[in-house]
1. Kindly indicate whether Arg204 is charged (D, E, K, R) and assigned by TED's automatic domain parsing to the domain that holds Glu307.
2. Tally the residues that are touching a residue at least 60 places away in the same chain (Cβ under 8 Å) and crowded, with 16+ Cβ neighbours inside 10 Å, restricting the search to the range 1-16.
3. Could you list, in sequence order, the residues of the range 241-254 that are closer than 30 Å to Phe207 by Cβ and at pLDDT 75 or above?
4. Are there any strands (runs of 3 or more DSSP E) wholly within the range 146-219 with 3 or more residues that are modelled with pLDDT of 85 or more and over 18 Å from Ala234 (Cα atoms), and if so which?
5. Restricting attention to the range 236-245, which residues are out of contact with any Lys or Arg (no Cβ under 7 Å at 6 or more places or on another chain), surrounded by 13 or more Cβ atoms within 10 Å (Cβ to Cβ) and either assigned to a loop (DSSP other than H, G, I, E, B) or aliphatic (A, V, I, L, M) (or both)?
6. When you look at Ala249, is it within 30 Å of Gly196 (Cα to Cα) and in contact (Cβ under 8 Å) with a residue 24 or more places away in the chain, yes or no?
7. Can you tell which of Gly125, Gly223, Gly138 is surrounded by 19 or more Cβ atoms within 10 Å (Cβ to Cβ), of a type outside the set (A, V, I, L, M, F, W, C) and either modelled with pLDDT under 85 or out of contact with any strand residue (DSSP E or B) (no Cβ under 7 Å at 6 or more places or on another chain) (or both)?
8. Give me a count of the residues in the range 251-293 that are among the hydroxyl-bearing types (Ser, Thr, Tyr) and farther than 14 Å from Val315 by Cα.
Amino acid sequence: MSTSKVERLTNLVIGLLSTTQFVPIERIRHDFAGYNESTSEEAFARTFERDKAELRDLGIPLTFGGPSGAAEEQGYRIARAEYELPPISLTTEEAAAVAVAGQLWQSPEMTATYSSAIVKLRAAGISVDDSEMATVLGGTGAAYDAEPALAGLVAAVGKGQAVTFEHRAAADGVTSLRTVEPWGVASAKGNWYLVGFDRDRQGRRTFRLSRIVGGITPIGKAGEVRIPDGVDPAAIVREAAAEPVSEGAVTLWLRDDHAHDLRRRAMEVGPHTLDGVPGKVMRMPIGSRAATVRAIAAHGAHAVALEPADIREAVIDTLRGAAAAHSLGAAVGAESDEEGRR
């Protein structure tokens, strides 16, 4: 089945926006869905030229260049600073509509398109920042999964109506009935959150939608709930979901010509060969501990955390978990294949 024009353009924008490096034209032709279906160099060139013109007409700035004058290193990218919109203020009704529209990204088709582009870029050694892509897609991970409570809460916010729901506490897992005046719903760090006034606790509270058990029950009359002046649910959610920032730095070994995203944030200590592989020892600020662990683990054997010990152990645990999940997936796939042959 051929890739539609919309899918091809979406894949191109996601791929070029996901990296700070220039993507070579040959990489676009062979690895980007839609272009790798071209039957010849001429057919690809015609399609790509039309797509570039259309994106520029839409106001999406494609930049051509590279780190040096060598032709093979030249390519395309989309500068995030030129692409992103300035801060936008929405009414309650507009914000509710945007939240519903955002669920379109939950479809398996869109998730597969995004994932395919990112995997191919990383396999080619091109740096991709998932945290930056969250601003494009409205969150990653759990934000793609359908949240049963989302539609009911968005409707309640739009109607100005209080709701009740069963909520499971993060600390002890105990479920309790909550009565809330909803002010807004927003996503951050891959999760959806409700912000509102908790009548039972008599104060503002933030609830993660994945901890809501069962459905949403509207109570009272529509229009009874009023959002206080100056309340910004999105800002409240960002603050609630923010990861703590750690002081200090992590010492890394990075294989030569790999993990460029980590290199840009680090300071070189000196060359070092690890298990016969040439590389360099670097020092990088920790910042968000969880994000740092994820970033190091994403490069597998090409990036090794040396110290501090807790960061090193967290990276190893992350890699072990990924390996275990991969092994389980392979075993399940083999079992399914065996059943299919019976």
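1. For Arg204, the condition - charged (D, E, K, R) and assigned by TED's automatic domain parsing to the domain that holds Glu307 - is not met.
2. 6
3. none
4. 162-168, 175-188, 212-219
5. Ile236, Val237, Ala240
6. For Ala249, the condition - within 30 Å of Gly196 (Cα to Cα) and in contact (Cβ under 8 Å) with a residue 24 or more places away in the chain - is not met.
7. Gly138
8. Within the range 251-293, residues that are among the hydroxyl-bearing types (Ser, Thr, Tyr) and farther than 14 Å from Val315 by Cα number 1.
The values are calculated or read from the model by the stated rules, or taken from the named source; none is laboratory data. Nothing here was measured: the structure is a model prediction, and the numbers come from that model. Don't worry about glycine lacking a Cβ; one is built from the backbone with ideal geometry, like all the others, and counts go over all protein chains shown.
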